Amino acid sequence: MLKKNKKLSEIFEKIADILEFLGDNPYRIGSYRRAANLISELPEDIEELHREGKLSRLPGIGSSTVLKIEEFLNTGTVKKYEDLRRRVPEDLLELMDVPGIGPKTLRIAYDKLGVRTKEDFLRVLKDGSLAKLPGFGPKKVENILKGIELWQSAQERIPLVEAYTMAQDVVEYMRKEKSIKDISIAGSLRRMKETIGDIDILVTADRKDWRKIHEHFAKYPELNKVLAKGETKSSIVLKNGRQVDLRTVEPKSWGSALQYFTGSKEHNIRVRDIAKEKGLKVNEYGVFRADNDEWLGGEKEEEVYRLVGMQWIPPEIRENWGEIELALEGKLPRLVEYDEIKGDFHMHTSWSDGINPVEEVVDTAYRMGHEYIVIGDHSQSARVANGLTPERYEKQWKLIEKLNEIYNPKGFYILKGCEVDILPDGSLDLPDSLLEGFDFVVASIHSRFNQDNTYRILKAMENPYVNLIGHPTGKAYGQREGYPLDMDKVIELAKETGTALEVNTFRVDLSPENIRRCMEAGVTIAVVTDAHSVAHLPYIRIGVGIARRGWAVPELVLNTRNLEGVREFVKEKRKKLARSQ
């Protein structure tokens, strides 16, 4: 994780928020927001770019912004930000992070209702004062209260993508201690739960090395404070306020400890109950005979489950959702594997609202080992995302064709794609005459999130050229609840028309529950990064974890198909709908 990039991006975003609150020039506000977005998505370290003299070459970064970046790299902050934040109450600055509020809403509450604190703002929401002001009303106030609830829960829990990258950084650091024999993420993060509480790391090593392993952990560079330090367990709080727990176990207990500390609690209780019925005892140290405490095994997780009489259960589905009963019968489905993914169907480039040019996106995906990708820039109605007109798409096609001349001989293929907007009436933002020329089409809703959007999605799926419905429920975990949607109808028509539904890594949309419903109905899903930077492309692995949590099987995951299989999927829908029409 590029920590300086993240902090600088947050400072520029806050400057923009404060300037908007103060009623400053919209152009200046926009320039800070663009700089914040660019820096947050950069795959390179901002300090390294500065050392190489490349800051001024970044798109949209002018000379005054470069000076502020240099100031931050030298001092750790930006004077303009420190000056501005003194002009706005601290509570209001914090509330600007809440979905659905924003600087303009707070300024109105500040001017008209004398709001100065969080408590003031909650009061005017609940006593009806804000709802009476022009432009507000009960419905808007209700949405603001929902946004606050979502925001507060997000402060307590860590979104999956953030937790995963944070944990990978800790694991990478811990691997420098060479006495460690094995290391793994545990807890809800290993189960790929949508949000995480604390991050759990499990290590196995010889007991004589435990002390120095915990000493090493307590020196983690992003440490804020050490909560506890021992030889079996230590806890630290990172600079971002998140807690990480480290446990050490002996090699002979590695499998049983990993099973125990992965959870879930409900899953483990059920496993222990079954073990008890068989005269066994299962804990973090191993599997034992209950009558005489004879150790029977526990060096590997598979051994723990075998001794209790069941298949090994993938960590992502250990929730006591029926997996134990199937494992006892040896009937667990084979979940999609992380290394079965052959490509990515949804990503953005600098042609719309992505950071990197097509060439960089293509080369990164090729070096990752993908066999194909879909370049899926936004369509024209997404003006804020610099959506493409038909003419710009046709220019992009020519670039893709040139790149394919270079990459096809290497076994890598770039598919011409788009993310076409589903308009309020369910029609699409691009004509069929253009959609027919794409290799792969993603259709998504980006407006009117408060209404029931079932009709829009159903109508879009009836278009023969739409292959994938992007982030179908409109959910963005921790930021926005999904719009009202009849998921049964969506799944039914997806099956009938041969349209795939998207598993969006960042949004966790589809949810694992809806993925499982797709599996039961025989509906194809596609795991995507929705990448807006090349730094996001490796997050496809997180998306696969979400799919596995939804019991996704490889034959219903579009990414497991080779290029010809993907082309056949597209062709089959066009033929099927042509016959029906």
Which listed residue, of VAL534, VAL441, VAL523, VAL466, is surrounded by 19 or more Cβ atoms within 10 Å (Cβ to Cβ) and over 22 Å from LYS575 (Cβ atoms): VAL534
ASP200 outside any helix (DSSP H, G or I) and of a type outside the set (Val, Ile, Thr): yes
The range 244-271 - residue that is among the hydrophobic types (A, V, I, L, M, F, W, C) and surrounded by 19 or more Cβ atoms within 10 Å (Cβ to Cβ) and, of those, nearest to the chain's Cα centre (by Cα): VAL244
Pairs, first in the same structural domain as LYS132 (by TED's automatic domain parsing) and within 15 Å of LYS146 (Cα to Cα) in the range 96-110, second of a type in the set (S, T, N, Q) and outside any helix (DSSP H, G or I), C-beta under 7 Å, six or more apart: PRO99/GLN479
Within the range 1-92, helices (runs of 4 or more DSSP H) holding 2 or more residues that are hydrophobic (A, V, I, L, M, F, W, C) and either out of contact with any His (no Cβ under 8 Å at 6 or more places or on another chain) or at pLDDT 85 or above (or both): 3-21, 26-41, 46-51, 63-75
Filtered residues of the range 519-536 (kept if part of a helix (DSSP H, G or I), modelled with pLDDT of 95 or more and more than 10 Å from VAL557 (Cβ to Cβ)): GLU520, ALA521
Residues of the range 342-371 classified as among the hydrophobic types (A, V, I, L, M, F, W, C) and either surrounded by 23 or more Cβ atoms within 10 Å (Cβ to Cβ) or not assigned by TED's automatic domain parsing to the domain that holds LYS395 (or both), total: 6
Any chance ARG334 is closer than 30 Å to ASP439 by Cβ and outside any helix (DSSP H, G or I): yes
Residue match in the range 521-530 (condition: more than 24 Å from MET192 (Cα to Cα) and touching a Cys at 6+ places or on another chain (Cβ under 8 Å)): no
Close pairs (6 angstrom Cβ cut-off, 6 or more residues apart or separate chains): assigned to a helix (DSSP H, G or I) in the range 552-570, of a type in the set (Lys, Arg) and surrounded by fewer than 16 Cβ atoms within 10 Å (Cβ to Cβ) anywhere: none
Output for the range 203-229, where each listed residue is assigned to a strand (DSSP E or B), surrounded by fewer than 19 Cβ atoms within 10 Å (Cβ to Cβ) and either more than 28 Å from the chain's Cα centre (by Cα) or not aliphatic (A, V, I, L, M) (or both): ASN224, LYS225, VAL226, LEU227, ALA228
Index of the failed condition, THR454 passing every other in (1) of a type in the set (Ser, Thr, Tyr); (2) within 26 Å of the chain's Cα centre (by Cα); (3) farther than 30 Å from ALA552 by Cα: (3)
Qualifying position, being at pLDDT below 95, assigned to a loop (DSSP other than H, G, I, E, B), closer than 21 Å to ALA385 by Cα and not aliphatic (A, V, I, L, M), among PRO424, PRO484: PRO424
Failed condition for LEU485, given (1) among the aliphatic types (A, V, I, L, M); (2) over 17 Å from ASP432 (Cα atoms); (3) touching a Lys or Arg at 6+ places or on another chain (Cβ under 9 Å): (3)
Among the candidates GLU405, GLU419, residue that is surrounded by 18 or more Cβ atoms within 10 Å (Cβ to Cβ) and among the acidic types (Asp, Glu): GLU419
Selection status of TRP351, in a helix (DSSP H, G or I), under 30 Å from ALA443 (Cβ atoms) and more than 22 Å from the chain's Cα centre (by Cα): no
Scope the range 101-114; condition crowded, with 18+ Cβ neighbours inside 10 Å, of a type outside the set (Phe, Trp, Tyr) and out of contact with any Ser or Thr (no Cβ under 9 Å at 6 or more places or on another chain); matching residues: ILE101, PRO103, THR105, LEU106
Selection count where residues are under 21 Å from the mean Cα position of the chain (by Cα) and modelled with pLDDT of 95 or more, scope the range 379-403: 0
Filter pass, TRP321 being assigned to a loop (DSSP other than H, G, I, E, B) and either more than 30 Å from ALA531 (Cα to Cα) or basic (Lys, Arg) (or both): yes
Selection within the range 427-453 - closer than 20 Å to ALA526 by Cα and not in a strand (DSSP E or B): LEU435, PHE438, ASP439, ILE445, HIS446
Cβ-Cβ under 7 Å pairs, at least 6 apart or on other chains, the range 220-238 side farther than 20 Å from THR165 by Cβ, far side of a type in the set (Lys, Arg) and surrounded by 14 or more Cβ atoms within 10 Å (Cβ to Cβ): THR232/ARG247; LYS233/ARG247
The range 419-446: number of residues that are free of Cβ contacts under 8 Å to residues at least 60 places away in the same chain and in contact with a Ser or Thr (Cβ under 6 Å, 6 or more places away or on another chain): 4
Criterion: farther than 22 Å from GLU360 by Cα and in contact (Cβ under 8 Å) with a residue 12 or more places away in the chain - qualifying residue of THR505, THR524: THR524
Unique residue being in contact with an Asp or Glu (Cβ under 6 Å, 6 or more places away or on another chain) and without any contact (Cβ under 8 Å) to a residue 60 or more places away in the chain when the list is ILE269, ILE274, ILE313: ILE313
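The values are calculated or read from the model by the stated rules, or taken from the named source; none is laboratory data. Remember, it's a predicted structure, so these values are computed and weren't measured experimentally. Neighbour counts are summed over all protein chains in view; Cβ atoms, including those assigned to glycine, are modelled from backbone coordinates with ideal geometry.
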